[in-house]
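In what follows, a single structure is set out as structure tokens and then discussed.
Read-outs throughout are calculated quantities, based only on the coordinates presented, and are distinct from any laboratory measurement. What you see is a predicted model, and the numbers here were worked out from it, not measured in a lab. Methodologically, a virtual Cβ is constructed for each residue, glycine included, from the backbone with ideal geometry; neighbour enumeration extends over all protein chains shown.
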Amino acid sequence: SAVISQKPSRDICQRGTSLTIQCQVDSQVTMMFWYRQQPGQSLTLIATANQGSEATYESGFVIDKFPISRPNLTFSTLTVSNMSPEDSSIYLCSADRQLKGYTFGSGTRLTVV
Amino acid sequence: GENVEQHPSTLSVQEGDSAVIKCTYSDSASNYFPWYKQELGKRPQLIIDIRSNVGEKKDQRIAVTLNKTAKHFSLHITETQPEDSAVYFCAPISFNKFYFGSGTKLNVKP
């Protein structure tokens, strides 16, 4: 059974619009992470989200483009704003589930047309 | 962020042979060393991990060895099977963040 639920699983969006991706964990976790994976590539960390504080973004990623919410210890959202075709990718959330390790949601395949 | 290098980028073995993938990292503060397997179109799956106070961990056909002095850790798969074919990633943790290696595409030929 899935322990990190992510939705939507895929979407096709018009350029200039925004998409919000949701991630729900089955237990309380301190930190949640958002990654991007281009086809055939490794995973790139976008940002780290802690409950009660602003997300920490990696170099090359900014809050205006990828706003993140973390309203409680089991949930986070990532918004991809003002999308362009270059944003087409797979977006994954992850969380540290302590003894069960860092595990991933099923991913969101985004296509921007 | 952490500088992570993974080798080889591709690895082709005959079924039943062993496979070894190596990961080097830069941050001496790293304390958690997982390996992920990703099949085509699926999420990365944690297959084995090791913490910095342990030198080796084994789980059936899979093992991970850690050399903290040299800052590298390796994934060992014995008696490989076609279903082991996938992309494998190392992702050492540094300051509660994990940065992925570039991946190794393992092909196990029947």
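For B:Lys42, neighbours were defined as the other residues whose beta-carbon sits under 14 Å from its Cβ, and their charges (Lys and Arg +1, Asp and Glu -1) total +2. Computed extension gain for B:Glu5 through B:Asn31, at 0.36 nm per residue and net of the alpha carbon distance, reaches 7.7 nm. Rounded to the nearest 20 debye, the dipole size of the protein assembly as shown about its Cα centre is 160 debye, using +1 on the Cβ of Lys and Arg and -1 on the Cβ of Asp and Glu. Among A:Tyr102, B:Tyr32, a tally of other beta-carbon atoms within 10 Å of each Cβ gives an order, fewest to most, of B:Tyr32, A:Tyr102.
Measuring between their Cα centroids, the range B:70-104 and the range B:16-44 lie 1 Å from each other. Give me B:Ile48, B:Ile21 ranked fewest to most by other Cβ atoms within 10 Å of their Cβ, as a rough exposure proxy. Ordered from fewest to most neighbouring Cβ atoms within 10 Å, B:Ile48, B:Ile21 come out as B:Ile48, B:Ile21.
Counted by neighbouring Cβ atoms within 10 Å, the residues A:Met32, A:Met83 run from fewest to most as A:Met83, A:Met32. In this simple spin-label approximation, A:Ser81 and B:Leu40 carry label points 7 Å from Cα along the Cα→Cβ vector, and these lie 3.8 nm apart. Database remark: amide H of A:Ser88 closer than 5 angstrom to the amide H of A:Val112 (H placed geometrically; neighbours at sequence offset of 5 or more, or on other chains; Pro and chain starts carry no H).
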